[in-house]
Amino acid sequence: MKKNKNIDQTSSHTDRSIDNYVRDQIRRLIESSKTDCYASISALLGRSHSYIQQYITRGSPKLLREEDRRKIAHYFGISPRDLLVSDHDHVLTPHPSHSQMTIKPPSLPPDVSEERFARNTAPMPFSKTWLLQNFQLSLDDVICVIIDGDSMAPTICPGDQLLVDRSSALFRDAGLYLMHAPNGGYTACRITLHPTHGRPILSHDNTVYPIINDCDWNTLNIIGQIIWFGRTLITK
């Protein structure tokens, strides 16, 4: 039995239209976000940093798996149907009470590559109730970062996940702070005030790093105060 070429061509055209629609939707979601990039969404899916960029710009893969599209829809808070995914599966769909939220990473710094940025960032789900009960802050001010330096070891070790309150970008109280590193990326340190003249003192729990006394406030590029950190103890 001969195939109808017109039917095959129509089906192929429809498939391409669907692929382009989903690709454009994801591209618009990323480009309209102030905190996301191709690399961070690739990290969300557990893929290499260039995975989503290749999908958007080169069409490879041709179409994202339903599971990946559902994750992206859940992350951006849209209906899975907007990315042509059935929303009957409620596993990754937000609960009606909206008790869960995904803490997003900070925006991509201009002097940091997307590859390095992807290593230091990953969206993380948290309970809104837990955040509001334990921290007096606006949820819009919270970002998540994966630290890769050892300046605060053994308190904070490479690979630890940090929650950072950006509303504390200006020093308020002695504590642990996340700062922009001079060579790009992020660094953690402990900031206290000198008891006599009140100027900041930067110290690290790793004794290899020196204590910096009498710092100039203008040289401190503080991102925010570290309010929580977590660590993976067992990996597959």
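So what's the gap between the Cα centers of region 194-209 and region 13-57, to the nearest angstrom?
A separation of 43 Å, based on Cα centres.
Could you list, bin by bin from short to long, the percent of Cα-Cα pairs of region 149-191 in 10 Å steps?
It works out to 25, 59, 16, in whole percents.
What is the extension gain from Leu233 to Leu132, computed as 0.36 nm multiplied by their sequence separation minus the C-alpha to C-alpha distance, in nm to one decimal?
Values: separation 101, 0.36 × 101 = 36.36 nm, distance 2.64 nm.
Here the segment from Leu233 to Leu132 would lengthen by 33.7 nm.
Using Cβ contacts closer than 10 Å as the measure, can you line up His194, His204, His180 from fewest to most? All intermediate terms of the calculation are to be shown ahead of the outcome.
Details: His194 12, His204 21, His180 16.
Lowest to highest Cβ neighbour count: His194, His180, His204.
Hey, how many Å between the Cα centroid of region 210-231 and the Cα centroid of region 137-171?
10
Count neighbours as other Cβ atoms within 10 Å of each site's Cβ, and list the trypsin sites (Lys or Arg not before Pro) in region 127-186 that are DSSP loop with at most 16 such neighbours.
Arg172
Laboratory data are not the source of any read-out in this text; all were calculated from the coordinates shown. Predicted model only: the values in this text are computed from it and were never measured. Neighbour counts run over all protein chains shown; Cβ positions are idealised from the backbone, glycine included.
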